[in-house]
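The values are calculated or read from the model by the stated rules, or taken from the named source; none is laboratory data. Note that the coordinates shown come from a computational prediction; the quantities given were computed from them, not determined experimentally. Positions of Cβ are generated from backbone atoms using ideal geometry, with glycine treated the same way; all protein chains shown enter the neighbour counts.
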Amino acid sequence: MKPDLDPGVLGRVVVGLNAVIFAADGDELNVLVTESPDGGQPALPFGPFDPETHRTFEIGLREWVRGQTGFELGYVEQLYTFGDRGRDAPVAALAGSDGARVVSVGYLGLAPEARVLKGDDARWVRWSRFFPWEDHREGRPALLTEDIEPALRSWADEAGVPGRRAARFDRVRLTFGLDGAPWNEERALDRYELLYEAGLVAEAARDRSEAPSEHGVGEAMASDHRRILATALSRLRGKIKYRPIVFELTPELFTLSDLQKLVESISGLSLHKQNFRRSLGRAGFVEGTGRMQSSTGGRPAELHRFTRDTMRSGGALGLTIPRLKEM
């Protein structure tokens with residue numbers, strides 16, 4: 001989708017806005033991407049900031065997301081400003097950039113439903129399409145064990161100088177949870193950046209004008225959009241632990257099983273059912289409605305709602321993530 005507005009260029013710097021918009025599709029976390037009909041790499045929604053008409057960055061973001069996709073943004077927070085030299089390789093498709101440095105202000109948006117979109121090139125897709133090594137709900141991914149881990153060990157071994165080689169091995173071990181180190185789901189951005197540095201994602205070869213690596217893991221995205229998406233995933237995974245932000249992704253009424261599956265989709269982890277429900281009870285985030293969800297082939301489950309008064313009473317700030325087992 002091409003933006004309708006020409007961005008202002010000041011000192012050969014173009015200011016753009018990127019949106020990582022997550023929405024729940026049942027119990028799965030999806031992300032909004034644009035895919036060009038000519039088979040180009042998928043991208044996050046993006047557009048220009050027009051200082052003449054947009055009073056704030058967020059107003060500009062909401063306007064062009066609405067215009068491009070027909071999607072009304074709900075919860076939005078500023079994520080990060082991305083301005084590294086060369087980050088627009090290939091160019092981030094902002095009209096009028098003409099080789100200028102493209103600086104993007106990234107935003108994180110959340111919605112409880114992956115609603116129908118306007119435009120043939122807008123799609124909701126699972127985030128794991130771009131980070132398959134991050135989804136551990138069915139156990140440690142074979143991709144991680146069979147491809148990524150050996151490639152990273154080889155990369156670390158190539159450092160040459162013993163001290164540098166040891167530092168690389170230590171970084172790989174801690175970032176990817178190898179050799180007994182714990183897996184920290186919040187380090188999605190660190191893992192992507194390490195894979196990029198080691199040349200194991202397609203964007204690295206593309207940006208360095210090199211032949212693609214045989215270990216190009218996950219699907220590549222335009223510009224540095226996969227890095228922006230990894231930043232948003234890390235932020236969301238961390239934030240659900242200290243703010244009840246997950247309820248921005250739930251409908252008004254939900255079952256506890258659906259809530260658990262949504263949290264598992266966000267974290268990429270399998271959770272301990274009883275401990276998860278105990279933690280919800282202690283936090284006071286949800287209350288039963290007495291209404292039951294009709295279902296076929298199983299016992300009807302009670303519908304719950306988020307109790308916003310919990311935040312006002314100074315109770316728990318976020319969710320506990322009790323893993324089913326250590327990874």
Scanning segment 33-62 for residues that are at pLDDT below 85 and among the acidic types (Asp, Glu), the one farthest from residue 250 (Cα to Cα) turns out to be 52
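One line per residue, one yes/no per condition, for (1) surrounded by 12 or more Cβ atoms within 10 Å (Cβ to Cβ); (2) at pLDDT 95 or above:
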{"residue": "258", "(1), (2)": "yes, no"}
{"residue": "264", "(1), (2)": "yes, yes"}
{"residue": "285", "(1), (2)": "yes, no"}
{"residue": "288", "(1), (2)": "no, no"}
{"residue": "297", "(1), (2)": "no, no"}
{"residue": "321", "(1), (2)": "yes, no"}
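Inside segment 183-216, can you point out the residues that are outside any helix (DSSP H, G or I) and farther than 30 Å from residue 240 by Cβ?
Passing the criteria: 199, 208, 209, 210, 211, 212, 213, 214, 215, 216.
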Among the residues listed as 66, 87, the single one being basic (Lys, Arg), at pLDDT below 80 and within 22 Å of the chain's Cα centre (by Cα): 87
Quick check on this structure: which one of 227, 206 is closer than 16 Å to residue 42 by Cα and either not assigned by TED's automatic domain parsing to the domain that holds residue 149 or not basic (Lys, Arg) (or both)? 227
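Looking only at segment 263-300, how many residues end up being in contact (Cβ under 8 Å) with a residue 12 or more places away in the chain, out of contact with any His (no Cβ under 8 Å at 6 or more places or on another chain) and within 30 Å of residue 141 (Cβ to Cβ)?
13
What about residue 146, is it surrounded by fewer than 20 Cβ atoms within 10 Å (Cβ to Cβ), under 20 Å from the mean Cα position of the chain (by Cα), not β-branched (Val, Ile, Thr) and not in a loop (DSSP other than H, G, I, E, B)? Even if it seems obvious, please write down each step before you answer.
Values: surrounded by fewer than 20 Cβ atoms within 10 Å (Cβ to Cβ): yes; under 20 Å from the mean Cα position of the chain (by Cα): no; not β-branched (Val, Ile, Thr): yes; not in a loop (DSSP other than H, G, I, E, B): yes.
For residue 146, the condition - surrounded by fewer than 20 Cβ atoms within 10 Å (Cβ to Cβ), under 20 Å from the mean Cα position of the chain (by Cα), not β-branched (Val, Ile, Thr) and not in a loop (DSSP other than H, G, I, E, B) - is not met.
Here is a check on your reading of the model: is residue 205 among the small types (Gly, Ala, Ser), surrounded by fewer than 16 Cβ atoms within 10 Å (Cβ to Cβ) and free of Cβ contacts under 8 Å to residues at least 60 places away in the same chain? Give the steps one after another, and end with the answer.
Numbers: among the small types (Gly, Ala, Ser): yes; surrounded by fewer than 16 Cβ atoms within 10 Å (Cβ to Cβ): no; free of Cβ contacts under 8 Å to residues at least 60 places away in the same chain: yes.
No; evaluated as a whole, the condition is false for this residue.
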Please go through segment 182-231 and pick out each residue that is under 19 Å from the mean Cα position of the chain (by Cα) and among the basic types (Lys, Arg). 187, 191, 226, 227
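Which one of these is touching a residue at least 60 places away in the same chain (Cβ under 8 Å) and either among the β-branched types (Val, Ile, Thr) or part of a loop (DSSP other than H, G, I, E, B) (or both): 119, 106, 180?
Numbers: 106 fails: either among the β-branched types (Val, Ile, Thr) or part of a loop (DSSP other than H, G, I, E, B) (or both); 180 fails: touching a residue at least 60 places away in the same chain (Cβ under 8 Å).
Testing whether each residue is touching a residue at least 60 places away in the same chain (Cβ under 8 Å) and either among the β-branched types (Val, Ile, Thr) or part of a loop (DSSP other than H, G, I, E, B) (or both) leaves just 119.
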